[in-house]
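The values are calculated or read from the model by the stated rules, or taken from the named source; none is laboratory data. Everything numeric here is computed off the predicted structure, so don't read it as measured data. Note: ideal-geometry Cβ built from the backbone for every residue, glycine included; neighbour counts use all protein chains shown. We work out accessible area using only protein heavy atoms, side chains counted, and drop any ligands, DNA or RNA first. Shrake-Rupley method; radii C 1.70, N 1.55, O 1.52, S 1.80 Å.
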Amino acid sequence: MICITKQYFNWNRVLLLPMGLWPDEETKFTRFRASLFYCLLMSNIAFQLSRLFFAEFSFDFVIKILSFSAAFCTLAIFFMSFWINMETMKYLLHQLQHIYDGLKNQNEIAIYEKYGYIGKCISARLTIFTICGLFFNFIIIYSPFILDVVIPKNESYAIFIMKMVTKYFVVSEKYYFLIIVHVNAAFSVGMIVLTGTGTMMISYFKYACGMFEITSYRIEQAMAIELLRNTDIKKEIVIYRGIICAVDIHRTAMEFAKCFLTKTEVLFFLLVIAAVLCLSCNLFRILKIESPMEQVVEVLLHIIVVILIVAVTFLPNYVGQEIMDYNNNVYVTTYNVLWYLAPADIQKLILFLIQRSSRIFCLTVGGLFTASLECFATIISLLYVSLLDFSRAN
């Protein structure tokens, strides 16, 4: 037997351990690191919102500040949702190992490992993409300051960055470098935590999908044609055992998904609100910019934030849709087996399974949002239409 954590969660460990968020290694020092990085995120949010009180008030300025501070709030909520639920994350990680250790059939083990490998590949790709993005961001932000030292000239290379920062935050020019370092450090921490926690959550639900597929496999094996021909007491016992094992793994998959969602429901509800607010403010700013070619940097920043928020909103809905589809596949598999060849008692049991499996199993946040592609499309379309109407009215 392999260790699930070492085999399939090593990328998540690399990202979360320096942040103090790796569930399997929680000590006083890791809690201190987590507190330090969380304070960095919150101090950045507090600084951005404080500009509302120290600058001349206007509606456009409020939207401009909220468009980026809401993005940092989204990152902070992700951080908090994982941090305060460390015990739950650790329990779920050990639960995955316990389920794996309980599998004896080689085909079932192969199915389980396949979904672990899928989760690992997603984690690896998103981690590499995040690291490359942060490195590219580092080059763009700090290369002018490096050039000022290596190849100095009369006018600083960073004059454009200085003007942009002082204009956006309405601060004195002598503080602009400290602000850049502060904002960039908070953004880097937030993106690392977002990638580490997000990919870990995706991996958890991928394993749940694997459990649903194992359920379908067990039902097919329990109702195999070899067992249904000339059934006797021994074959009926084998069929009953197969169905019981299928029901057991199906119940485990649903309890696993519900356990994760129950512990994080409130914070994910806040995450939805922050994401919608951030998306609204950034889309509004893009629509309100009168000369995009003259303010191309600001437009690009808003577009990047919109892309990140859309991705953060899309991935959980896509995973929720997958959970629904795999649960529906259990119903389809149960319906398609040769149940009509089984004895009457087994047919009644199969009928019960069909009735139970026909119920839609979905991930719901706060009783309002159901994780699905339909929900994602509805939110995006309504948000875009409402912003377009508001922009035309003004």
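Remark: pairs (first residue in region 1-14, surrounded by 13 or more Cβ atoms within 10 Å (Cβ to Cβ); second residue outside any helix (DSSP H, G or I); Cβ separation under 6 Å; 6+ apart in sequence or on different chains) = ARG13/TRP22.
Please tell me if TRP22 is open to solvent by 20 Å² or more (accessible area, probe 1.4 Å), under 17 Å from the mean Cα position of the chain (by Cα) and of a type outside the set (D, E, K, R). Explain how you work it out, then say what you get.
Numbers: open to solvent by 20 Å² or more (accessible area, probe 1.4 Å): no; under 17 Å from the mean Cα position of the chain (by Cα): yes; of a type outside the set (D, E, K, R): yes.
So TRP22 does not fit the description; no.
Just so you know, in region 292-339 the residues that are among the polar types (S, T, N, Q) and open to solvent by 50 Å² or more (accessible area, probe 1.4 Å) include one that is farthest from PHE61 (Cα to Cα), and it is ASN336.
Since ILE273 meets every condition but one in (1) more than 28 Å from the chain's Cα centre (by Cα); (2) surrounded by fewer than 17 Cβ atoms within 10 Å (Cβ to Cβ), which condition does it not meet? Result: ILE273 passes all but (1). When region 66-77 is filtered for residues that are under 20 Å from GLY198 (Cβ atoms) and open to solvent by less than 10 Å² (accessible area, probe 1.4 Å), the ones remaining, listed by number, are ALA70, THR74, ALA76.
Please tell me if HIS250 is buried (at least 19 other Cβ atoms within 10 Å of the Cβ), farther than 30 Å from GLN95 by Cα and in contact with a helix residue (DSSP H, G or I) (Cβ under 8 Å, 6 or more places away or on another chain).
Details: buried (at least 19 other Cβ atoms within 10 Å of the Cβ): yes; farther than 30 Å from GLN95 by Cα: no; in contact with a helix residue (DSSP H, G or I) (Cβ under 8 Å, 6 or more places away or on another chain): yes.
For HIS250, the condition - buried (at least 19 other Cβ atoms within 10 Å of the Cβ), farther than 30 Å from GLN95 by Cα and in contact with a helix residue (DSSP H, G or I) (Cβ under 8 Å, 6 or more places away or on another chain) - is not met.
Residue check: LYS28 meets all listed conditions (1) charged (D, E, K, R); (2) open to solvent by less than 70 Å² (accessible area, probe 1.4 Å); (3) within 30 Å of PHE9 (Cα to Cα) but one, namely (2). Inclusion of LEU40 among residues that are in contact (Cβ under 8 Å) with a residue 24 or more places away in the chain and either of a type in the set (A, V, I, L, M, F, W, C) or at negative phi (or both) is warranted. Screening the candidates ALA371, ALA342 for the property of being under 28 Å from LEU227 (Cα atoms) and open to solvent by less than 50 Å² (accessible area, probe 1.4 Å) yields one hit, ALA342. Of all the residues in region 241-276, those that are among the β-branched types (Val, Ile, Thr) and at pLDDT below 80 number 2. Helices (runs of 4 or more DSSP H) fully within region 138-239 that include at least 3 residues being among the hydrophobic types (A, V, I, L, M, F, W, C) and open to solvent by 40 Å² or more (accessible area, probe 1.4 Å): 159-169, 176-222. Applying the set (1) open to solvent by 30 Å² or more (accessible area, probe 1.4 Å); (2) under 24 Å from LYS167 (Cβ atoms); (3) modelled with pLDDT of 80 or more; (4) of a type outside the set (D, E, K, R) to LEU279 leaves exactly one unmet item: (1). Return a yes/no flag: does region 356-369 have any residue that is over 18 Å from GLY210 (Cβ atoms), free of Cβ contacts under 8 Å to residues at least 40 places away in the same chain and in a helix (DSSP H, G or I). Yes: region 356-369 contains one or more residues that are over 18 Å from GLY210 (Cβ atoms), free of Cβ contacts under 8 Å to residues at least 40 places away in the same chain and in a helix (DSSP H, G or I). Filtering region 84-105 for residues that are over 30 Å from GLU265 (Cβ atoms), open to solvent by 20 Å² or more (accessible area, probe 1.4 Å), out of contact with any Gly (no Cβ under 7 Å at 6 or more places or on another chain) and modelled with pLDDT of 85 or more leaves a non-empty set.
Residue count for region 345-368 satisfying the condition of being open to solvent by 20 Å² or more (accessible area, probe 1.4 Å) and in contact with a Gly (Cβ under 7 Å, 6 or more places away or on another chain): 1.
Figure legend. Inter-residue proximity from region 142-154: first residues modelled with pLDDT of 75 or more, second residues among the polar types (S, T, N, Q), beta-carbon distance below 8 Å, spacing 6+ or different chains. Indicated pairs: PRO144/SER156. The residues listed here are ILE111, ILE128, ILE122; of these, the one that is part of a helix (DSSP H, G or I), hydrophobic (A, V, I, L, M, F, W, C) and open to solvent by 60 Å² or more (accessible area, probe 1.4 Å) is ILE128.
Apart from one condition, PHE47 fits all of (1) part of a helix (DSSP H, G or I); (2) exposed (fewer than 14 other Cβ atoms within 10 Å of the Cβ); the exception is (2).
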